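Undergrad: I'd like to ask you about the structure that follows.
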Amino acid sequence: MGKNLTMLQAITEALDQMLGHDDRVMILGEDIGVNGGVFRSTEGLYEKYGKDRVVDTPLAESGIIGSAIGLALNGMLPIVEIQFLAFIYPGFEQLVSHAARMRYRTRGQFGVPLVIRTPYGAGIRGPELHSESVETFFAHTPGLKVVAPSNPYDAKGLLISALEDPDPVIFLEPTKLYRAFKEEVPDEMYRIPIGQAKVVQEGSDLTIFAWGSMLREALNAAKKIEDEKGWKCEVVDLRTLYPLDRDTIVQSIKKTGRALIVHEAHKTAGLGAEIISIINDEALIYLKAPIKRVTGFDVPVPPFTIEDHYLPTVDRVKQGIVETISF
Amino acid sequence: MEKTGNPIMKAHSSGVEPEMFRVLTPDGEIIETIDGKIDKSLMLKMYERMLLLRTFDRKSINLQRQGRIGTYAPFEGQEASQVGSALALSAGDWMFPTYRDHGAAIIHGQELYRVFLYWMAHFDGSICPEGKRILPPSVPIATQMVHAVGTAWASKIKGEQNVSIAYFGDGATSEGDFHEALNFAGVYKTPTIFFCQNNGYAISVPFEKQSASKTISQRAAAYDIHGVRVDGNDIFAVWLTVKEAVERAHKGEGPTLIEAVTFRYGAHTTADNPNIYRDQEEISTYWRENRDPITRLSKYLNKEGYWNEEQEELALKQFNELIDAHLQKAEGYPKSDPLEMFNHVYAEESWHLKEQKQELNQILRKGGKK
Ligand SMILES: Cc1ncc(C[n+]2csc(CCOP(=O)(O)OP(=O)(O)O)c2C)c(N)n1
């Protein structure tokens, strides 16, 4: 059995079920209680579970993440909501110096089973610093895991896995997709393993790697190219950004011989570079063309009046496909 | 008697020093009633532990000079603060020390040889004994304070009678995390003890340049939590204050901010030269002669006939032997295998770490260095 849910509803359902399933689960964040979250992802949970389980914290990201580290050390299962990804910076120190390192520093004696959820990415016409996609910061930090779902079904399954993971997980929710579409989501608490990418569309001419909201662009471009030129693109949703699912990446390249990476994060040192590197290491001889990246530019995400020009568009992705296949 | 116009007062409070809680004067007189709360055996325990730690601290500095341990952060002069606070805790309480609080950690149950291992930069130097909750020393300033709020918060939720104590210095009170921790602790009334050892300096910066507040304890008012300023070189005062904070926490009265006014005679670390920024000799001499935590208790114990020269000599001999035994254990401890760097990054090793580990392993085998 299932229901048609938006990604936001799927996330709320996952949170609800986890709170109901295990007393140790707590949700902490700014405006997540009475207000139900600025995007309403925690709607109804405060009423259902009370102020001690769904906690409206002071406005202090370091305090939130730092105290959640302590809660996790002492047996709780905190889920932190950071209101927008760019506001994680005051708590960045806690993440990289403590959450990520606690297990290492104590040689496995103390772990930090912590989930940090945050909306990220552009395309919502947000004000300054509401549209960043800086997943690289976290994917560069040993000890953290980074997850970014692209649809309601995955969002629920991955979030439940994130909470059951013994290590800290940064759960990046593509803001643009929160209410973009609905999809059948099973009622039960199912899990999608962290660390596994998904081939969302089979193809033979080129592989597009994408995640988060860029998956839609990738699929749309692949469809248009097929209609226009008859080329069949394989589309891979990475889902977990750190550690990456190398096997799926490499297998797909062995099959298609061409790759295009689409991400809205800045190009330089973006995850695309890492994927190219993996392919270079593992499947260079299968390549028929240089790997291309279609990404956000190396500029701060611009004001929303022109953010569409920053973001990879279906046309830019199409162009990338054409250049790669006709190399 | 204490001289007036001593040099360190300025660094502590830019002028007149406000009242602080004191029980035992530098001359070894008890000036507050202690109502039988501190009996003879506890007094002797306090004294011996301080002596042990001083011996350990001096030994560590020597070991650093001999190149047997790495850079070391000394605490001599702060023994009353570290021993007094740690002795007031129960075994199950959570402790979040800084790089200077290995004294407190040892008193709370950390094994001496582990502390040596830590300063020898051994991976296993931060492991605490089974069942203890002593976290690794925090190197980034003030960050551990919020963790102590979290563990205490969880204790409260679970209905466990444990407190969490966070150690920090005066410099830490300028960091955002100090304020976030106090604020959270106040809002959630967590059983957290914020224990500041105000030794007057954050490396080279004296407290008067660190903050415009006269004291650190007064900050408690801003968060509506309990704040106390105490003579950090008076172990009775420190112990009583922390004990009271523990009791308040158990009664559900929430956090306490304690400012223990103290001074460390030595450098910030063995890599630092304090003569550049303060009159090191003059200040240290002043504190040694007028305020030393060990001398002051020894005066009292001698007067009461609880302690004498012979006992002191015997104790020192035993402590030296104990410390040497731990040092031997640490020096004989198996060296970290380079491959250990890949362990415990995650609960389960992922593919990239497995491969990188194998890569290093092959390099090591080829080089014959393993
Ligand atoms: C976040 C951060 N900034 C800077 C440093 C470098 N640093 C190490 S110790 C120290 C001074 C700390 O002074 P205080 O808190 O008073 O403690 P004390 O060393 O005097 O015990 C500084 C600046 C650090 N460790 N962490």
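Undergrad: Would you please give the residues with an amide H less than 5 Å from that of residue B:227, counting only those at least 5 places away or on a separate chain, with H modeled from the backbone geometry?
TA: Result for residue B:227 returns B:257.
Undergrad: In addition: Rounded to the nearest 0.05, what FRET efficiency do residue B:42 and residue B:90 have when you use their Cβ-Cβ distance and R0 = 22 Å? Each step should come with its number before you reach the end.
TA: Numbers: r = 14 Å, r/R0 = 0.66.
The pair residue B:42/residue B:90 has a calculated efficiency of 0.95.
Undergrad: Sticking with this structure for a sec: For residue B:70, which sequence-distant residues (separation of 5 or more, or a different chain) have an amide H within less than 5 Å of its own amide H, given hydrogens modelled in the peptide plane?
TA: Here the answer is B:120, B:121, since their amide H atoms fall under 5 Å of that of residue B:70.
Undergrad: Please report the antiparallel percentage of DSSP beta bridges with both residues in the protein assembly as shown, rounded to the nearest 5.
TA: 15
Undergrad: Taking the alpha carbon gyration tensor of the stretch A:36-153, what are the square roots of 5 times its eigenvalues, largest first, to the nearest whole Å?
TA: Details: eigenvalues 109, 77, 33 Å².
For the stretch A:36-153, the ellipsoid semi-axes come out as 23, 20, 13 Å.
Undergrad: Identify the trypsin sites (Lys or Arg not before Pro) of the stretch A:158-189 meeting these criteria: DSSP loop state and at most 16 other C-beta atoms within 10 Å of the C-beta.
TA: Values: sites: A:176, A:179, A:182; in loops: A:179, A:182.
Sparse-neighbourhood loop trypsin sites (Lys or Arg not before Pro): A:179, A:182.
Undergrad: Accessible area of residue A:232, 1.4 Å probe, to the nearest 10 Å²?
TA: Approximately 90 Å² for this residue.
Undergrad: Run the 1.4 Å probe and let me know the accessible area of residue B:128, rounded to the nearest 10 Å².
TA: 0
Undergrad: Turning to a different aspect of this structure: Using DSSP, restrict attention to beta bridges with both residues in chain B and report what percent are antiparallel, rounded to the nearest 5. Mind showing how you got there, number by number?
TA: On the way: 3 of 27 bridges.
About 10 percent, rounded to the nearest 5.
Undergrad: By the gyration tensor of its Cα atoms, with a ≥ b ≥ c the square roots of the eigenvalues, what is the shape of the stretch B:57-130: rounded for a/c under 1.5, prolate for a/b over b/c, or oblate?
TA: Oblate, because a/c is 1.5 or more while a/b does not exceed b/c.
Undergrad: Note down the relative contact order for the stretch A:115-154 as a percent, whole number, built from C-alpha pairs under 8 angstrom at least six residues apart.
TA: Values: 20 pairs, mean separation 9.3, N = 40.
Relative contact order, the stretch A:115-154: 23 percent.
Undergrad: Partner chain Cβ atoms within 10 Å, averaged over the residues of B:340-349 - can you pull that number for me? Walk me through the intermediate numbers first.
TA: On the way: counts 1, 1, 2, 4, 11, 8, 14, 7, 4, 0.
So the per-residue partner count for this stretch is 5.
Undergrad: Between chains B and A, what is the buried accessible area in Å², counting both sides, with a 1.4 Å probe and ligands, DNA and RNA left out, to the nearest 100? Could you put the intermediate results ahead of the total?
TA: On the way: alone 17110 and 13660 Å², together 27290 Å².
It comes to approximately 3500 Å² buried between B and A.
Undergrad: Name the long-range amide H neighbours of residue A:27: under 5 Å, sequence gap of 5 or more, or other chain; modelled H, no Pro or chain starts.
TA: Here A:54, A:55, A:79 satisfy the definition.
Undergrad: If you find the alpha carbon centre of the stretch A:292-319 and of the stretch B:173-237, how far apart are they in angstrom?
TA: Measuring centre to centre over Cα atoms gives 48 Å.
Undergrad: From the phi of every residue in the stretch B:75-89, what ³J(HN,Hα) in whole Hz does the Karplus formula 6.51 cos²θ - 1.76 cosθ + 1.60 yield, where θ is phi - 60° and glycine or proline is x?
TA: 9, 3, x, 9, 4, 5, 5, 6, 5, x, 5, 5, 5, 7, 8
Undergrad: Taking a probe of 1.4 Å, how large is the accessible area per residue of the stretch A:58-173, in Å²?
TA: Per residue, the stretch A:58-173 has 23 Å² of solvent-accessible surface.
Undergrad: From the backbone phi of the stretch B:336-346, what are the Karplus-calculated ³J(HN,Hα) couplings (6.51 cos²θ - 1.76 cosθ + 1.60, θ = phi - 60°) in whole Hz, Gly and Pro given as x?
TA: Listing the rounded values in order: 5, 6, x, 5, 5, 4, 8, 7, 6, 5, 10 Hz.
Undergrad: Antiparallel versus total DSSP beta bridges in the stretch A:194-327: what percent is that, nearest 5?
TA: Values: 3 of 16 bridges.
Percent antiparallel among DSSP bridges in the stretch A:194-327 is about 20.
Undergrad: Can you sort B:114, B:264 by 1.4 Å-probe accessible area, starting with the largest?
TA: Numbers: B:114 30, B:264 5 Å².
Reading off the accessible areas and sorting them downward yields B:114, B:264.
Undergrad: Roughly speaking, to the nearest percent, how much of chain B's 1.4 Å accessible area is carbon and sulfur? Present the calculation step by step, with values, prior to reporting the outcome.
TA: On the way: 7580 of 15390 Å².
C and S fraction of accessible area: 49 percent.
Undergrad: Below 8 Å between Cα atoms, with a sequence gap of 6+, how large is the relative contact order for chain A in percent? Write out the running numbers ahead of the final one.
TA: Numbers: 732 pairs, mean separation 53.6, N = 327.
Dividing the mean separation by the residue count of chain A yields 16 percent.
Undergrad: P(r) tail for chain A, what percent of Cα pairs lie past 28 Å? Could you put the intermediate results ahead of the total?
TA: Numbers: 20776 of 53301 pairs.
Here the long-distance tail beyond 28 Å is 39 percent of all Cα pairs in chain A.
Undergrad: Still on this structure, I have one more. Residue farthest toward the positive end of the dipole of the stretch B:30-99, with Cβ of Lys/Arg at +1 and Asp/Glu at -1: which of B:51, B:92, B:33?
TA: Going by the charge dipole, the pick is B:51.
Undergrad: Keeping every protein chain in place, order B:153, B:351 by accessible area at 1.4 Å, biggest value first, i.e. largest first.
TA: Numbers: B:153 15, B:351 80 Å².
Per-residue accessible area, sorted high to low, gives B:351, B:153.
Undergrad: Okay, moving on. Seen from all sides and averaged, what is the projected area of the convex hull of the Cα atoms in chain B, in nm²?
TA: Numbers: hull surface 81.8 nm².
That works out to 20.4 nm².
Undergrad: On to the next question. Considering every residue in B:152-159, what mean count of other chain Cβ atoms within 10 Å of its Cβ is obtained? Let's see the in-between values first.
TA: Working: counts 4, 11, 11, 4, 2, 9, 5, 0.
Mean inter-chain Cβ contacts per residue within 10 Å come to 6.
Undergrad: Within 10 Å, count the other beta carbons around each residue, average over each peptide in B:142-152, B:197-207, B:22-32, B:215-225, and list them highest first.
TA: Details: B:142-152: 31.5, B:197-207: 21.4, B:22-32: 16.5, B:215-225: 19.0.
By packing density, highest mean first, the sequence is B:142-152, B:197-207, B:215-225, B:22-32.
Undergrad: Which entries in the list B:243/B:299; A:288/B:357; A:254/B:357; A:255/A:318; A:176/A:288; A:223/A:288 go over 29 Å, if you measure between the two C-alpha atoms of each? Intermediate results must be reported in sequence, preceding the final value.
TA: Numbers: B:243/B:299 24 Å; A:288/B:357 32 Å; A:254/B:357 26 Å; A:255/A:318 20 Å; A:176/A:288 34 Å; A:223/A:288 22 Å.
Over 29 Å Cα-Cα: A:288/B:357; A:176/A:288.
Undergrad: Enter the accessible area of residue A:12 (Å², nearest 10), with the probe set to 1.4 Å and all protein chains included.
TA: For residue A:12, the solvent-accessible surface is approximately 20 Å².
Undergrad: For the stretch A:1-110, state which trypsin sites (Lys or Arg not before Pro) are in a DSSP loop and have at most 14 other beta carbons lying within 10 Å of their beta carbon.
TA: Numbers: sites: A:3, A:24, A:40, A:48, A:51, A:53, A:101, A:103, A:105, A:107; in loops: A:24, A:40, A:51, A:53, A:101, A:107.
Passing sites in the stretch A:1-110 are A:51.
Undergrad: Could you list the chymotrypsin sites (Phe, Trp or Tyr not before Pro) in the stretch A:37-124 that lie in coil according to DSSP, counting only those with at most 13 other Cβ atoms within 10 Å of their Cβ? Before the final figure, lay out each step's value.
TA: Working: sites: A:39, A:46, A:49, A:84, A:87, A:92, A:104, A:110, A:120; in loops: A:39, A:84, A:110.
Nothing satisfies the criteria.
Undergrad: Still on this structure: In whole angstrom, how long is each semi-axis of the equivalent ellipsoid of the stretch B:185-228, when you take the square root of 5 times every eigenvalue of its Cα gyration tensor and sort them from largest down?
TA: Details: eigenvalues 110, 27, 12 Å².
Result for the stretch B:185-228: semi-axes of 23, 12, 8 Å.
Undergrad: For the protein assembly as shown, count the residues as N, evaluate 2.2 N^0.38 Å, and divide the Cα radius of gyration by that value, please.
TA: Cα Rg divided by the expected 2.2 N^0.38 Å: 1.09.
Undergrad: Please build a GNM for chain B, connecting alpha carbons under 10 Å apart, and tell me which residue among B:168, B:342, B:178 fluctuates the most.
TA: Per the Cα network of chain B with a 10 Å cutoff, B:342 tops the list.
Undergrad: Another question, then. Using the Karplus equation 6.51 cos²θ - 1.76 cosθ + 1.60 (θ = phi - 60°), what ³J(HN,Hα) coupling, rounded to whole Hz, does each residue of the stretch B:255-271 give in order, writing x for Gly and Pro?
TA: Those phi angles translate into x, 9, 9, 10, 9, 9, 7, 8, 7, 9, 5, x, 6, 4, 9, 5, 9 Hz.
Undergrad: Taking the Cβ of residue A:143 as the center, what net charge do the other residues with Cβ under 11 Å away carry, scoring Lys and Arg +1 and Asp and Glu -1?
TA: Numbers: positive: A:101, A:103, A:105, A:145; negative: A:167.
Within the 11 Å Cβ shell, the charges total +3.
Undergrad: Rounded to whole Å and sorted largest first, list the principal axis extents of the Cα atoms in the stretch B:271-318.
TA: So the three principal-axis extents are 43, 23, 11 Å.
Undergrad: Can you tell me the length gained on complete extension of the stretch residue B:279 to residue B:341, counting 0.36 nm per residue apart and subtracting the Cα distance?
TA: On the way: separation 62, 0.36 × 62 = 22.32 nm, distance 4.24 nm.
Stretched out fully, the residue B:279 to residue B:341 stretch lengthens by 18.1 nm.
Undergrad: A follow-up question, please. For chain A, which whole percent of the accessible surface, found with a 1.4 angstrom probe, sits on carbon and sulfur atoms?
TA: Working: 6160 of 11900 Å².
The C+S portion of the solvent-accessible surface of chain A is 52 percent.
Undergrad: Here's a follow-up. Expressed as a rounded percentage, what relative contact order does chain B have, with Cα pairs under 8 Å and six or more residues apart?
TA: Details: 638 pairs, mean separation 84.4, N = 370.
After rounding, I find 23 percent.
Undergrad: Can you give me the Kirkwood hydrodynamic radius for the stretch A:159-291, using every pair of distinct Cα atoms, in Å to one decimal?
TA: Details: mean 1/r = 0.0631 Å⁻¹.
Answer for the stretch A:159-291: a Kirkwood hydrodynamic radius of 15.8 Å.
Undergrad: Let me ask another. Quick one: length gained pulling residue B:121 to residue B:30 fully straight, 0.36 nm per residue minus the C-alpha distance? All intermediate terms of the calculation are to be shown ahead of the outcome.
TA: Working: separation 91, 0.36 × 91 = 32.76 nm, distance 4.25 nm.
In short, 28.5 nm is gained.
Undergrad: Mind checking A:227-234 for the average number of partner chain beta-carbons within 10 Å of each residue's beta-carbon?
TA: Working: counts 0, 0, 0, 0, 0, 0, 0, 0.
Counting other chains' Cβ atoms within 10 Å and averaging over A:227-234 gives 0.
The values are calculated or read from the model by the stated rules, or taken from the named source; none is laboratory data. All values derive from a computational prediction rather than experimental measurement. Using ideal geometry, Cβ is built from the backbone for each residue, glycine included, and neighbour counts are taken over all protein chains shown. These accessible areas exclude ligands, DNA and RNA; they are computed on the full protein's heavy atoms, side chains included. Shrake-Rupley method; radii C 1.70, N 1.55, O 1.52, S 1.80 Å.
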